[in-house]
Amino acid sequence: MMQSSCRNVVEVIRLHQPELEEVAKGLCGSPRLTDIGGIPYLNPVPVMDKIYDLKNVPKWSDLSDSTSVLMIGAGAGPSHVLSGTLAEMMSNIRIDSHQQITNKSRICKINENGFYVLENLENSSECMHMMNLFISEGKPGKVIELKAKCRIGNEAFIHSLQSALRNHYGTQPVGLGGTFVLSKGKARVHVMPCYSETPLQTDVEIQNWLKFFEMSSPLTCLGYLMSYDPGFSLRMEHFHCFSNHGDGGHFHYDTTPQEAEYIGYFNVPEYLFRVDRPAL
């Protein structure tokens, strides 16, 4: 819960984030969510042939080849391209109506010294194990603008949005996809290290394997959240962040609640697509 918040439906002609505007001007046009793969393809033992080329996502998401498509979201980077290194991936890709690709994606990985490194990923449209995407035609239009500051209580910003949707819609699945910025304060963020040499069987083992950091704002976050899983084994929320000062990874929550300020732009997806769902 946030001490101060406001929400509006606004006509967005700019995303006010240069890194995103290089790729698209908005979040409108055929909005949808696509959940690809899943955590079982990474833990307890990684399935190394789960490689997904995001150039195929428009087809998987029932969009025609003549449609220009924006894909933003969170997933695992292509370790086969990164010399076997696991990485957090921030997908920011546009495929135009002529099938030309603009790729401004980023990855964050752990280097040999145990610290994180944020890098551009412009030479590959692939990911591994999992990817959670908000997809649209990248057009300007009406979106939901959310502003919030000063978190109170233990519920994170992302989880408070989920709770609001769940309280209103119950078991009707409703999603939000898009981008938000932690404009002030700091955040708890994790970055996956190299693959574990032993199977990760429990949540405790996974938490001990991940590398956690406190990172500084501003952090631009990409991804989506869902209010309810209708039985598709969905990733219920997934946001990765990046910055212009070298910070990035999997966003959890702000660590300076009295300082925290957020501004987000979201759209409501019309469809949900589940691709290569892991067996239960």
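The values are calculated or read from the model by the stated rules, or taken from the named source; none is laboratory data. These numbers were taken from a predicted model, which means no experiment stands behind them. When we count neighbours, we look across all protein chains shown, and the Cβ atoms used for this are built from the backbone with ideal geometry, even at glycine. What goes into the accessible areas is simple: the full protein's heavy atoms, side chains included, and nothing from ligands, DNA or RNA. Shrake-Rupley method; radii C 1.70, N 1.55, O 1.52, S 1.80 Å.
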Has segment 31-54 got at least one residue that is modelled with pLDDT under 95 and at negative phi? no
Could you tell me which of the residues Asn120, Asn132, Asn167, Asn154 is among the polar types (S, T, N, Q), in a strand (DSSP E or B) and open to solvent by 50 Å² or more (accessible area, probe 1.4 Å)? Asn120
Suppose we filter segment 184-214 for residues that are crowded, with 16+ Cβ neighbours inside 10 Å and of a type in the set (S, T, N, Q); how many remain? 1
Out of segment 24-71, which residues are among the hydrophobic types (A, V, I, L, M, F, W, C), under 23 Å from Val268 (Cβ atoms) and either assigned to a helix (DSSP H, G or I) or open to solvent by 10 Å² or more (accessible area, probe 1.4 Å) (or both)? Cys28, Leu54, Val57, Trp60, Leu63
Odd one out for Ser217 among (1) surrounded by 22 or more Cβ atoms within 10 Å (Cβ to Cβ); (2) polar (S, T, N, Q); (3) touching a His at 6+ places or on another chain (Cβ under 9 Å): (3)
Got a sec? Which of Leu222, Leu176 is in a strand (DSSP E or B), in contact with a Leu (Cβ under 6 Å, 6 or more places away or on another chain), crowded, with 22+ Cβ neighbours inside 10 Å and of a type outside the set (Phe, Trp, Tyr)? Leu176
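Count, please, the residues in segment 258-280 that happen to be open to solvent by 40 Å² or more (accessible area, probe 1.4 Å) and more than 25 Å from Gly77 (Cβ to Cβ).
First pass over segment 258-280, keeping only residues open to solvent by 40 Å² or more (accessible area, probe 1.4 Å): 258-259, 261, 263, 268, 270-274, 276-277, 279-280.
Next, only the ones that are more than 25 Å from Gly77 (Cβ to Cβ) stay: 258-259, 261, 263, 268, 270-271, 280.
Number of matching residues: 8.
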Residue under question is Gly84, and the condition is that it be in contact with a Ser or Thr (Cβ under 8 Å, 6 or more places away or on another chain) and at pLDDT 90 or above; does it hold? no
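Residues of segment 229-254 being outside any strand (DSSP E or B) and surrounded by 15 or more Cβ atoms within 10 Å (Cβ to Cβ), which ones?
Initially, segment 229-254 is screened for residues outside any strand (DSSP E or B), giving 229-236, 243-248.
Within segment 229-254, Leu234, Arg235, Met236, Ser243, Asp247, Gly248 meet the criteria.
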